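Asks: One structure, pasted below without further comment.
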Amino acid sequence: MDEVIQVTQWLSSITPRKKAKLFFFTTHADAPSPMVGSNDVDTHEETQLPMATTVALHNFKNIDEFLKKKVNTFSCYNVIENEITKTDYEYLRFYSACKYLDVVPPFLDLEKISAIQNKFEMTDEERDYRLLLDSADLVLEKVCDSLKPAGVSQMWTALRQDRNLIRGVKTIDIIGFFVDPNPTGIKECLFFFIVRFLQKADKINRVNTNRLERLIAQCDESSSCEEGKTIDFIIDSLRFYPTELYPFGFCLIMCVIEGRDGAMQEIEKTMEISRHLGMITHTEKNPTKETIELVKKELMKPKYQFYSSFPCWFMSHGDSHPMVLADGETVEREWFLTSFPDISTFQLKPKVFFMVSCRGANKFSLKGDEFEDQSGTRDYYDIGSALIRNRMLDITDSVRDISYVQPMMDTLVAYSIILDHLSGRANTHGSIYVDRACVLMSENISRGRSLTEILEHLSQDLHEILQETMDEDRIVYKQACHYDSFFRKTLKLPYTRHPKEDVHSAPQ
């Protein structure tokens, strides 16, 4: 059959709503860079004009033409270059979006997809199409599905009232002020246009969604939300780190085995809970400084752009600042923690470090004479709430910026022990902190708890356990863990484990 006829038949089989979503997922806002074949040319016309004309004219002609062009580009594309190109990235995104929406063209060359995955050096686990979907876009799709056409229309009206933001934007004028979003697929096109417009204007990204939340907050709940949804529910969904579908993240486990009883148990537990949470896991036993450098270099490869989060377990002996590696050398804990968050592939994504090592030799011994009455905490900020409101600043959009991000942002560091103290362990099971952390994460997976909620529960649970030193003094003591958070959103564990699909080198 002629390819033109095949493409026409394929497009005619896709509903307008799915066409809008396919266009949205295909014109992903945060493509990896730098890439061969990529440039800084403004792609505003390509990504916004088809949606604008679709909304204005109530037909999908321009979106159909865009999708036809994509299919033709992929059909003529030869995967022969060693370096990763912009087309490689777009091909994988297009395929994953089609797979997700169940509209894969029967004529799509799956061998090319496999060849592109080879260029990305993807393992069998990483060839699951869900890895290639952008979690932030999936969250935005759910927001769109939760809104009625009237709700999106109200968002459009609120956006149009921000004259400083829309001044001089031709596609805004194409759509006009009053919109009828009721025809099938038009609501989706209008919502996705608003989202991409705000992203191109550097007003929102996968972490900073305040500007979008403010538009939604101006909607009338009775007319704007689908049944069972509320404005608060929709806005709350934007306040979590986007980690939809499989995998939940890429989990790195580094564990020094030499001289640490129960270390293999630590590895088994952390691997088990990571897989249970739907993560793809890599383990480094007995890491050295060279190992750490090699891992950092590995994580800079383009394929890691597709991951939604980066959890890391580091288990070793240590002192107040240094951590002891397998070869007896030490690295500063601060050096380790500041090295990984700066890796560009995980920028704007949650990074969690579980640092399991002693930070000194002190123990919180259970001796009665060491406890003294403490005076109550003094309130140094006794200011009435009304006075606070009167002194609040009027923060305008002109003094906000989401382009520049301090490297440690979106990072959480969980320590097994407070500074200068001993981190407890059992001869056969290894770190007690690791054991309890894995148990609590496993118990909470179906409850939709946030990571910080679980860490707070872990702090309570661990501090109830009486531990005993393994030397001749047999001192009974307690352990206190804590965490430092630079998170800007809430990180929730998945409600259910997303099973790995049976995906091999050639996608099905």
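The values are calculated or read from the model by the stated rules, or taken from the named source; none is laboratory data. Just so it is clear, the model here is predicted, and its values are computed rather than measured. Neighbour counts are summed over all protein chains in view; Cβ atoms, including those assigned to glycine, are modelled from backbone coordinates with ideal geometry. Ligands, DNA and RNA are stripped out before the accessible areas are found, and what is left, the full protein with its side chains, is counted by its heavy atoms. Shrake-Rupley method; radii C 1.70, N 1.55, O 1.52, S 1.80 Å.
Asks: Amide H to amide H under 5 Å from T490: which residues, 5+ apart in sequence or cross-chain, H placed 1.01 Å off N in plane?
Replies: Counting only residues 5 or more places away or on other chains, the set is F240, Y241.
Asks: Length gain on complete extension for the stretch K200 to D102, per 0.36 nm per residue less the alpha carbon to alpha carbon distance? Mind dumping the intermediate values first?
Replies: Details: separation 98, 0.36 × 98 = 35.28 nm, distance 2.84 nm.
Contour length minus Cα-Cα distance gives 32.4 nm.
Asks: I would also like to ask the following. Read phi for every residue in segment 146-158 and hand back ³J(HN,Hα) as whole Hz from Karplus 6.51 cos²θ - 1.76 cosθ + 1.60, θ = phi - 60°, with x for Gly and Pro.
Replies: Couplings: 7, 9, 7, x, 4, x, 5, 4, 5, 4, 4, 4, 5 Hz.
Asks: Of the heavy-atom accessible surface of the chain (probe 1.4 angstrom), what whole percent is carbon and sulfur? Working shown, then result.
Replies: Numbers: 11820 of 24640 Å².
After summing per-atom areas, the C and S share lands at 48 percent.
Asks: GluC sites (Glu not before Pro) within segment 41-118: which are DSSP loop residues with at most 10 other Cβ atoms inside 10 Å? Mind dumping the intermediate values first?
Replies: Details: sites: E45, E46, E65, E81, E83, E90, E111; in loops: E81, E83.
Answer by residue number: E83.
Asks: How large is the translational diffusion coefficient of segment 57-99 in µm² per second when you combine the Kirkwood radius over alpha carbon pairs with Stokes-Einstein at 25 °C and 0.890 mPa s?
Replies: In µm²/s, the coefficient is 210.
Asks: How much length is gained on full extension from Y404 to A480, taking 0.36 nm per residue of separation minus their Cα-Cα distance? Please list the in-between numbers first.
Replies: On the way: separation 76, 0.36 × 76 = 27.36 nm, distance 3.53 nm.
Net length gain for the segment: 23.8 nm.
Asks: Helix 432-444 versus the longest principal axis of the chain: what is the Cα-based angle in degrees, 0 to 90, to the nearest 10?
Replies: Roughly 40 degrees between the two axes.
Asks: Relative to the longest principal axis of the C-alpha atoms of the chain, give the angle of the C-alpha long axis of helix 110-119, reported between 0 and 90° and rounded to the nearest 10°.
Replies: Helix 110-119 sits at roughly 40 degrees to that axis.
Asks: Moving on. Mean 1/r over all different Cα pairs, inverted: what Kirkwood radius does the chain give, in Å? Before the final figure, lay out each step's value.
Replies: Numbers: mean 1/r = 0.0392 Å⁻¹.
The answer is 25.5 Å.
Asks: Report the relative contact order of segment 137-239, percent, no decimals, based on alpha-carbon pairs under 8 angstrom and at least 6 residues apart. If you can, show how the numbers build up before the last one.
Replies: On the way: 86 pairs, mean separation 44.8, N = 103.
That works out to 44 percent.
Asks: Using each residue's phi in segment 326-333, evaluate 6.51 cos²θ - 1.76 cosθ + 1.60 at θ = phi - 60° and report the 3J(HN,Hα) Karplus result to the nearest Hz, with x for Gly and Pro.
Replies: With the stated coefficients, segment 326-333 comes to 5, 8, x, 6, 10, 10, 6, 4 Hz.
Asks: Rg/Rh for segment 79-119: what does it come to with C-alpha atoms and Rh from Kirkwood?
Replies: Working: Rg = 10.4 Å, Rh = 10.6 Å.
Reported Rg/Rh (Cα atoms, Kirkwood Rh): 0.98.
Asks: Under a point spin-label approximation (7 Å from Cα along Cα-to-Cβ), what is the K86-M300 distance to one decimal in nm?
Replies: 2.4
Asks: When the chain is fully extended, how far beyond the present Cα-Cα distance does E293 get from E125, taking 0.36 nm per residue of separation? Don't skip to the answer; put the middle values down first.
Replies: Numbers: separation 168, 0.36 × 168 = 60.48 nm, distance 2.39 nm.
Difference between extended and current length: 58.1 nm.
Asks: Same structure, new question: With a point put 7 Å past each Cα toward its Cβ, work out how far D397 is from H457 in nm, to one decimal.
Replies: Result for the modelled spin labels: 4.1 nm.
Asks: For segment 111-179, take every pair of Cα atoms, bin their distances at 10 Å starting from 0, and report each bin as a whole percent.
Replies: 16, 27, 23, 16, 18
Asks: What is the local net charge at R449, summed over the other residues whose Cβ is closer than 14 Å to its Cβ (Lys, Arg +1; Asp, Glu -1)?
Replies: On the way: positive: R447, K492; negative: E443, E453, E456, D461.
Here the charged neighbours net out to -2.
Asks: How much accessible area per residue does segment 137-239 have, counting only protein heavy atoms and a probe of 1.4 Å, in square angstrom?
Replies: Details: 4370 Å² over 103 residues.
With the other protein chains kept in place, segment 137-239 gives 42 Å² per residue.
Asks: Further question on the same structure: Over the Cα atoms of segment 137-239, compute the convex hull volume and normalise it per residue, giving Å³. Walk me through the intermediate numbers first.
Replies: Working: hull volume 9.7 nm³, N = 103.
Residue-normalised Cα hull volume stands at 94 Å³.
Asks: Moving on to the next point. Roughly what angle does helix 61-76 make with the longest principal axis of the chain, taking Cα atoms, 0 to 90 degrees, to the nearest 10?
Replies: Compared with the principal axis, the helix lies near 70 degrees.
Asks: Estimate the FRET efficiency between L466 and S442 by the formula 1/(1 + (r/R0)^6), using the beta-carbon distance for r and 22 Å for R0, to the nearest 0.05.
Replies: Numbers: r = 23 Å, r/R0 = 1.06.
So the FRET efficiency works out to roughly 0.40.
Asks: What is the Cα centroid distance between segment 433-462 and segment 67-146, reported in whole angstrom?
Replies: Their Cα centres are 35 Å away from one another.
Asks: Related question: Within segment 437-480, list the trypsin sites (Lys or Arg not before Pro) lying in a DSSP loop whose Cβ has at most 10 other Cβ atoms in a 10 Å radius. Write down the numbers at each step before the final one.
Replies: Values: sites: R447, R449, R474, K478; in loops: R449, R474.
Passing both the DSSP loop test and the Cβ count: R474.
Asks: Set the Förster distance to 45 Å, then compute FRET efficiency between I174 and E226 from the Cβ-Cβ distance, nearest 0.05. Each step should come with its number before you reach the end.
Replies: Working: r = 28 Å, r/R0 = 0.61.
The formula returns an efficiency of 0.95 here.
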